[in-house]
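Step one of this worksheet: look at the structure below.
All of the numbers you see were taken from the coordinates with simple rules; none came from a lab. Every value quoted in this text rests on a predicted model; they were computed, and no experiment measured them. Cβ placement follows ideal geometry from the backbone for every residue including glycine, while neighbour counts extend to all protein chains displayed.
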2 protein chains.
Amino acid sequence: MDTVKIGLCGLGTVGTGVVKVLQGHQERIQHMLGCKIEIEKVLAHDISKARDVEIDPNWLTTDPSDLVDHDEIEVIVEVMGGIDETYKILERALKNKKHVVTANKDLMALHGQKLIQIAKENQCDIQYDASIAGGIPIVRTLVDGLASDHIEKVMGIVNGTTNFIMTKMTKEGLDFDVVLKEAQKLGFAEADPSADVDGLDAARKMVLLANLAFKMELNLDDVKVKGIRQVTQEDINFADNLGYTIKLIGIASMDDHKAEVTVEPTLLPKDHPLALVNDEFNAVFVHGEAVGETMFYGPGAGSLPTATAVVSDLMEVIRHLRLGISGKSYVEPQFKRQLKADHEKFSRHFIRLDVEDQAGAFQEITNVFSENSVSFAKILQLPAKEKGRAEIVMVTHHISQEQLLKSMQALEKLTVVKRLISHYRVDGEE
Amino acid sequence: MDTVKIGLCGLGTVGTGVVKVLQGHQERIQHMLGCKIEIEKVLAHDISKARDVEIDPNWLTTDPSDLVDHDEIEVIVEVMGGIDETYKILERALKNKKHVVTANKDLMALHGQKLIQIAKENQCDIQYDASIAGGIPIVRTLVDGLASDHIEKVMGIVNGTTNFIMTKMTKEGLDFDVVLKEAQKLGFAEADPSADVDGLDAARKMVLLANLAFKMELNLDDVKVKGIRQVTQEDINFADNLGYTIKLIGIASMDDHKAEVTVEPTLLPKDHPLALVNDEFNAVFVHGEAVGETMFYGPGAGSLPTATAVVSDLMEVIRHLRLGISGKSYVEPQFKRQLKADHEKFSRHFIRLDVEDQAGAFQEITNVFSENSVSFAKILQLPAKEKGRAEIVMVTHHISQEQLLKSMQALEKLTVVKRLISHYRVDGEE
């Protein structure tokens, strides 16, 4: 029986997980691939350290070239993390015609396009499913399972940290700052949380997903991003009263070959499948023309789910190798990068205004909206805490971004409107 | 470039869907397989009928042997339905070393084991993902994506008809009989609904899923099945008040290499991911040792989702063909068929009793439970409609089936207990 030799970069929790999975499921894997997988070399910082997994001492090295220049190694599995050094290792591996599996989302977000390009030039595969949503086989599903469908919309909770924070804020009535501190204590948020809470991490993943789903070549700059720092308990309560839950949602949609990708706090009906995805869990909701609605739910990260996903990616690489289609199964951009204009972006909106509580104020405001043909599904006026003030909370029907912006500009000019307190997208309903 | 020729049995809505998908995604499919797929022959009842898809007249035949005895056809795709005739066609195809893709769940439920055996003997693949849960790639995920994980529990809503009925009963407060009639009118339930509402269809699917997940060889007789006919509005309301939703749930669990498979109306916490799967949708929740909780949600059936799943299965068969692993990727039973005994089956239970409303009745009943070491998470006593009667509603902590049965037998002997009104499993919480 044939054997495929691999080099493993990194022997932390994910790396030892990969070794365990490969050792524990050898027979099964052989059945499924028609060949054996053998670890040939392992790159580790400290080769003398004890590990809770059986490691052949001959595997261990501290020199990357023992892996990437090794004649017999066909696949490099990278689970060491890091950016610059790691990029160099993978670049060299690809140039040496070695296929790559990586779980490194920071690296893929920063240098993914470059690495994919180098892989293509060298007829190599680069698989990074494990870097997007840990235990959710979403890349595979978009490339494979839904290959023969036309995907219209991908909507997801793709960042565990922000979902943990939003869940705590919603369930326990705590403010953002308090929950963020707790998340940092528990290790769910970084000391510098901005990549997560400002939506950048989610935006990076949504670009990858949108490009796979729509066969387009979008960039991070094409994503409209808004984080969760400004979400208040009052917003959450108003949303709740109107039947909605607020989540940080990435949405990629395509109509008429024009795309829109956004990441922002979004109101979802409480019975929408994504509304119940809580804590650090991730989920991706796909709307295909043929298949209709499907959703994939799972842990967003974690060393064991990631190790499982890495092995799954590795098996896919070896399958391609044996099929003779390595470097060929990229979803090639088929459509020109084309974005929706503001008058083509449709959605519903939740708007909260601070207004003067005087006769005719409500009338003035609704006039502005009706001049822009904006109609409402729900509208509430309530007394504000401050005397002589009121709050107006509205949920619009589907309107264009253009209608929204024009209405907002006109509202600013009204003296009865003191302030736009908050504004969110509303999605997940007809 | 190589070409794989296929024979398509059936040209109804799913069949024409398959033709459309193959024609519409030729280039993409070639990229992914390294070969072309060509339709060589199509078996149809009426070859003169007009179809809304481009059909080469040379494809059409009414004679199955034009497909199954054709020298160049390598894969038979069966989407015609039917049992006996269809079985004969597929049996002959497999004996002629042709691989099979089928979306026929009735056939697979009745003759699946036999067909799989014949396929193995002839080193052929038989793929039936499309027959289990239409648009959900769950077989693929269990075989492939989670191949390297140890699966502990599979829990699913795998029957669209009963989920449609339970959703209507819950949301609209209607009785079973009324909703069943509506479902029949809408085409969501058959004229003879028993295979669905009595849980048999779900049980068939749970056996297939359990065997894949646990690598065991269980039979339909190993499944404890209870349908939804006896679920009342009162049950639904009590469940609701206690924070639960009632769904027809299939559960397959394994501890210590012993399995338990059940299909029964089950109370789930309202915020459990499965509790929000409504209408005719299906979902399968998988608990793996490494990956933790993942869920796959999608349409249970429908002609377009099924056609998409069929093409996905076909691509898998061709991938195996080209890898030289046809007939080898079956999940071979690795464990002896071993079932949990009653004292090893643990779960929580919801119990509703009709009792005499007299001093000491409550005491007598709780004594019976405490003699069997059964303790309660929730317990309510309410006046019943009938004078002199009361209802007691309880939710137990985790207890064994043995404890439950002993308690029930002891309760029957009490004169204060008039009747066990209803009893359901409670799952999805710690």
| message | Compute a Gaussian network model of chain A, connecting alpha carbons closer than 10 Å, and tell me which residue from A:358, A:184, A:401 fluctuates the most. | response | A:358
| message | Taking loop as defined by DSSP and a crowding limit of 13 other beta carbons within 10 Å, which GluC sites (Glu not before Pro) in region B:271-313 fit? | response | B:289
| field | Relative compactness, the protein assembly as shown, computed as alpha-carbon Rg over 2.2 N^0.38 Å | value | 1.00
| query | Once you list every other residue whose beta carbon is under 12 Å from the beta carbon of residue B:392, what net charge do they have if Lys and Arg are +1 and Asp and Glu are -1? | reply | 0
| note | Expressed to one decimal in nm², the mean projection of the alpha carbon convex hull of region B:1-104 is 6.4 nm²
| note | Rh_Kirkwood(chain A) over Cα pairs, Å, one decimal, evaluates to 23.5 Å
| note | Lys and Arg at +1, Asp and Glu at -1: neighbours of residue A:3 with Cβ under 10 Å from its Cβ sum to -3
| Hey, how many Å between the Cα centroid of region B:235-305 and the Cα centroid of region A:17-41? | 32 Å
| log10 I(q)/I(0), Debye, Cα-only region A:255-377, no solvent, q = 0.11, 0.13, 0.17 Å⁻¹? | -0.73, -0.93, -1.26
| request: Along each of the three principal axes of the Cα atoms of region A:185-227, give the extent in whole Å, ordering the values from largest to smallest. | output: 40, 16, 11
| query | How about region A:29-63: which trypsin sites (Lys or Arg not before Pro) there are in a DSSP loop, with at most 10 other Cβ atoms within 10 Å of their Cβ? | reply | A:49
| query | Just for the protein assembly as shown, what percent of DSSP beta bridges are antiparallel, to the closest 5? | reply | 70 percent
| For labels at residue A:338 and residue A:364 in the simple 7 Å Cα→Cβ model, what's the distance in nm? | 4.4 nm
| said: Can you return the aspartates and glutamates within cross-link range of residue A:247? Criterion is Cα-Cα under 14 Å, with same-chain partners fewer than 8 residues away left out. | reply: A:196, A:198, A:235, A:264, A:271, A:279, A:280, A:427
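Based on the Cβ-Cβ distance from residue A:184 to residue A:88, what FRET efficiency comes out when R0 is 25 Å, to the nearest 0.05?
Efficiency, rounded to the nearest 0.05: 0.20.
Counting only DSSP beta bridges with both residues in chain B, tell me the antiparallel percent, nearest 5. Intermediate values should be presented prior to the final figure.
Values: 54 of 80 bridges.
Given both bridge residues lie in chain B, the antiparallel proportion sits at roughly 70 percent.
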| message | Treating region A:342-426 as a set of equal point scatterers at the Cα positions, no solvent, please give the Debye-formula log₁₀ I(q)/I(0) at q = 0.12, 0.16, 0.20 Å⁻¹. | response | -0.31, -0.56, -0.86
| Just how large is the dipole of the protein assembly as shown about the Cα centre, in debye to the nearest 20, putting +1 at every Lys and Arg Cβ and -1 at every Asp and Glu Cβ? | 300 debye
| remark: Shortest first and in nm, the label-point separations between residue B:192 and its counterparts in the other identical copies (7 Å out along Cα→Cβ) come to 7.0
| remark: Among trypsin sites (Lys or Arg not before Pro) in region B:219-319, those in a DSSP loop whose Cβ has at most 11 other Cβ atoms within 10 Å are none
| query | So what are the radius of gyration and Dmax for the Cα set of region A:139-299, in Å? | reply | 15.6, 46
| field | Other copies of residue A:359: label-to-label distances in nm, shortest first, labels 7 Å along the beta-carbon direction | value | 6.9
| request: Only helical DSSP H runs with n ≥ 4 go in: add -39500 (n - 2.57) per run for the protein assembly as shown, normalise by residue count and round the 222 nm mean residue ellipticity to 500 deg cm²/dmol. | output: -11000 deg cm²/dmol
| note | Counted neighbours (other Cβ, 10 Å), sorted fewest up, put B:99, B:272 in the order B:272, B:99
